């Protein structure tokens, strides 16, 4: 009798475990990993199922998703559309792997948002300079990038690009890839363009 009960318990666990991961790896949602992490947990999967930031690009217009290149996709979003001149302006970057195989690697040279470049333009189309100047030589960290996962970063554009003048800015985020196009130039992955308005602060 004891042996029979034990068999039933093992069978029950085997049935429940796959259900906890239901939908993962099918691109119906994407699991957010910790920085430089490659661990997918049931808790992260459960969050991804309902989190708007983890949904396919076509279901997330606020993400300003760009086109895919070799299965990679990039997004930029903001918590709101209007900021005062004394506020931090936090851009949220989501870097996604839409592939279903294990043939893609991810690399980090500087860490966090510094591995991404922004194009920030004022209302006249003038591009604002980036205060981050990368060193000439770096040793990137490379690891396997799990399919159906994404990384999330934040960048304070008020600090990095000096967004303090009241006006409307057009903002997109970019990342150079390790492949070249037909002309021999490095491919650049880009997000769509978001618009943020900065207004004067009145005390």
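So for the chain: antiparallel DSSP bridges make up what percent, rounded to the nearest 5?
For the chain, the DSSP antiparallel bridge percentage is about 85.
What order, most packed first, do the peptides 84-96, 128-140 have when packing is the mean number of other Cβ atoms within 10 Å of each residue?
In descending order of packing, they fall as 84-96, 128-140.
Mark the label point 7 Å from the Cα of residue 123 along Cα→Cβ and return the residues of the stretch 168-203 whose backbone N is within less than 17 Å of it.
168-171, 195-201
What are the extents of the Cα atoms of the stretch 62-199 along their three principal axes, in Å, largest first?
Principal extents (Cα only, largest first): 46, 33, 28 Å.
If I model a spin label at residue 39 and residue 103 as a point 7 Å from the Cα along the Cα→Cβ vector, what separation in nanometres do I get?
Between residue 39 and residue 103, the label points sit 3.0 nm apart.
Run the helix sum for the chain: -39,500 (n - 2.57) per DSSP H stretch of 4+ residues, divided by residue count, reported at 222 nm to the nearest 500 deg cm²/dmol.
It comes out at -4500 deg cm²/dmol, rounded to the nearest 500.
Residue 110 to residue 68: extension gain in nm, 0.36 nm per residue of separation minus the Cα-Cα distance?
Extending this stretch completely gives an extra 12.8 nm.
So if I take the centroid of the Cα atoms in the stretch 59-79 and the same for the stretch 108-151, what is the distance between those two points in Å?
Their Cα centres are 15 Å away from one another.
Between residue 47 and residue 200, what is the spin-label point distance in nm, taking each point 7 Å from the Cα along the Cα→C-beta axis?
Taking the simple label geometry, residue 47 and residue 200 are separated by 4.1 nm.
Roughly how tilted is helix 2-20, in degrees to the nearest 10 and between 0 and 90, from the longest Cα axis of the chain?
Helix 2-20 sits roughly 20 degrees off the main axis of the chain.
Going by average Cβ density within 10 Å per residue, which order do the peptides 43-50, 24-31 take, highest to lowest?
24-31, 43-50
At a Förster radius of 22 Å, what calculated FRET efficiency corresponds to the Cβ-Cβ distance of residue 84 and residue 186, to the nearest 0.05? Please list the in-between numbers first.
On the way: r = 38 Å, r/R0 = 1.71.
After rounding to 0.05, the efficiency reads 0.05.
We did not get these values from a lab; they are worked out from the coordinates using the rules stated. Everything numeric in this text was worked out from a predicted model, so none of it was measured. As a convention, Cβ positions derive from the backbone with ideal geometry for all residues, glycine included, and neighbour counts pool all protein chains shown.
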